[in-house]
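K.L.:
Before anything else, here's the structure in question.
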Amino acid sequence: MKDVRILHGELAPGPAMTAFSAAHPESGGIVSFLGKVRPDGDVEALELKHYAPLTLKGMEELADEALTRWPLDGILLHHRTGAMKPGDPIVLVAAAARHRRDAFEAADFAMDHLKSDAWFWKREKRADGWHWIEPRAQDHSDLARWT
């Protein structure tokens, strides 16, 4: 089972995780990651843009790849778009499996791909205006672990 969504409004991690857990009562472990807008110094806002047909298809393919690579009971990929302020949740990734290691690895794999190889464009608003954000060298190193 996969639950892949692009959200154009609020991301509510509590209800999403409650529903995901209830859908997988046979799972021995559920691992989740919640990414939030960092309150870095002068960042006033973060905006994520995307091209819906490409983004949703890519997220679906990423979920399918995780389901192929690990014996999962389910995977959840929820990602927000639009404008957000520091502290707001951006992304929720969860994996359910019979054994914890599979869930940990699948969630890590999915997040590394969403962070560095995704179909979103990010920019931050600071006092001097908007600035496009590119993946860091560490993000590319993290992604390279899976090839």
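K.L.:
Just one of (1) surrounded by 14 or more Cβ atoms within 10 Å (Cβ to Cβ); (2) within 23 Å of P15 (Cα to Cα); (3) over 16 Å from the mean Cα position of the chain (by Cα) trips up K125, so point out which.
P.N.:
Failing condition for K125: (2).
K.L.:
Identify, from the list L46, L54, L67, the residue that is touching a Lys or Arg at 6+ places or on another chain (Cβ under 7 Å), within 20 Å of I133 (Cα to Cα) and aliphatic (A, V, I, L, M). Don't jump to the end; show me each part of the working.
P.N.:
On the way: L54 fails: touching a Lys or Arg at 6+ places or on another chain (Cβ under 7 Å); L67 fails: within 20 Å of I133 (Cα to Cα).
After applying the criteria, what remains is L46.
K.L.:
Could you run through segment 93-114 and say how many residues are within 11 Å of P71 (Cβ to Cβ) and among the aliphatic types (A, V, I, L, M)?
P.N.:
5
K.L.:
Another one. Considering H99, H78, H131, H50, which residue is on the phi < 0 side of the Ramachandran plot and surrounded by 22 or more Cβ atoms within 10 Å (Cβ to Cβ)?
P.N.:
Only one candidate passes the filter, namely H78.
K.L.:
Take V31 and decide whether it is β-branched (V, I, T), buried (at least 18 other Cβ atoms within 10 Å of the Cβ) and in contact with an Asp or Glu (Cβ under 6 Å, 6 or more places away or on another chain).
P.N.:
No, not satisfied.
K.L.:
Of the numbered conditions (1) among the basic types (K, R); (2) in a helix (DSSP H, G or I); (3) under 14 Å from L48 (Cβ atoms); (4) out of contact with any helix residue (DSSP H, G or I) (no Cβ under 8 Å at 6 or more places or on another chain), K115 satisfies every one except a single condition; which is it?
P.N.:
With (1) among the basic types (K, R); (2) in a helix (DSSP H, G or I); (3) under 14 Å from L48 (Cβ atoms); (4) out of contact with any helix residue (DSSP H, G or I) (no Cβ under 8 Å at 6 or more places or on another chain) applied to K115, the lone miss is (4).
Quick note: the coordinates plus some simple rules give every number you see, no bench work behind them. The structure displayed is predicted, hence computed values, not measured ones. Positions of Cβ are generated from backbone atoms using ideal geometry, with glycine treated the same way; all protein chains shown enter the neighbour counts.
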